[in-house]
Amino acid sequence: MSEVAFRMAAEQDIPLILEFIRDLAEYEGMLDQVVADEDLLRRELFEQHRAEVLFAVVKGQEVGFALFFHNFSTFLGRAGLYLEDLFVRPECRGKGYGKALLRQLARIARERGCGRMEWWCLDWNRPSIAFYQSLGARAMDEWTVYRLTAADLERLAKQE
């Protein structure tokens, strides 16, 4: 593996962050669902500080990214690190950059006193599932993910 460095995203990286988001969405067949734009990312990431972005950099080029934020475990009484997205450019896969990003995130979680690190993976994404399992990650098969969309939130908030 080439020497990989890491850096946290800065506001000037917003176009690059959006590029990675769109590349990930295209890989997952969900490009039509991306509504994020530069203004939203600026507000949410750099003004509201709702999430952070870590880049993997090789020879001055960003080869992968991870977008993450903190959640909280009431049972542990500690924050956790939630990995929303991890993506390595297709031409850079198989070189250990994804593992390096996860290892760096684990270091960040440990430094921040997090009790765990979690993420979701699409059921059809067998290469990623095998990769995560090779690192010791375990599927939380006994849990079901639930979601309220923006319209659902609006409707629920208006209920008496």
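Before moving on, here are some points about what is shown:
- Matching residues in segment 1-22 - criterion: being of a type in the set (D, E, K, R), under 17 Å from residue 36 (Cα atoms) and touching a Phe, Trp or Tyr at 6+ places or on another chain (Cβ under 8 Å): 11, 13
- One residue from 55, 46, 69 being touching a residue at least 12 places away in the same chain (Cβ under 8 Å), of a type outside the set (Val, Ile, Thr) and in a helix (DSSP H, G or I): 46
- Residue in segment 133-143 that is closer than 24 Å to residue 50 by Cβ and among the small types (Gly, Ala, Ser) present: no
- Residue check, residue 160 assigned to a helix (DSSP H, G or I) and without any contact (Cβ under 8 Å) to a residue 12 or more places away in the chain: no
- Number of positions in segment 124-152 that are over 19 Å from residue 73 (Cα atoms) and either among the hydroxyl-bearing types (Ser, Thr, Tyr) or touching a helix residue (DSSP H, G or I) at 6+ places or on another chain (Cβ under 8 Å) (or both): 7
- Scope segment 125-152; condition surrounded by fewer than 10 Cβ atoms within 10 Å (Cβ to Cβ) and in a loop (DSSP other than H, G, I, E, B); matching residues: 136, 138, 141, 142, 143, 144, 145, 146, 147, 149
- Checking the stated criteria, residue 25 turns out to be in contact with a helix residue (DSSP H, G or I) (Cβ under 8 Å, 6 or more places away or on another chain), small (Gly, Ala, Ser) and either under 13 Å from residue 104 (Cβ atoms) or modelled with pLDDT of 95 or more (or both).
- Residues that are in contact with a Ser or Thr (Cβ under 7 Å, 6 or more places away or on another chain) and either in a strand (DSSP E or B) or touching a residue at least 40 places away in the same chain (Cβ under 8 Å) (or both) do occur in segment 99-115, at least one of them.
- Tallying residues that are under 17 Å from the mean Cα position of the chain (by Cα), assigned to a helix (DSSP H, G or I) and surrounded by 11 or more Cβ atoms within 10 Å (Cβ to Cβ) within segment 2-39 yields 15.
- Of all residues in segment 60-107 being more than 11 Å from the chain's Cα centre (by Cα) and acidic (Asp, Glu), the one that is farthest from residue 49 (Cα to Cα): 91
- Scan segment 108-128 for residues that are more than 20 Å from residue 71 (Cα to Cα), of a type outside the set (Phe, Trp, Tyr) and either modelled with pLDDT of 95 or more or more than 16 Å from the chain's Cα centre (by Cα) (or both) and the total you get is 3.
- Residue in segment 4-13 that is more than 23 Å from residue 109 (Cα to Cα), out of contact with any Ser or Thr (no Cβ under 7 Å at 6 or more places or on another chain) and modelled with pLDDT of 95 or more present: yes
The values are calculated or read from the model by the stated rules, or taken from the named source; none is laboratory data. Bear in mind that the values here come from a model prediction, so they are computed numbers and not experimental data. Ideal geometry is used to build each Cβ from the backbone, glycine not excepted, and the neighbour counts take in all protein chains shown.
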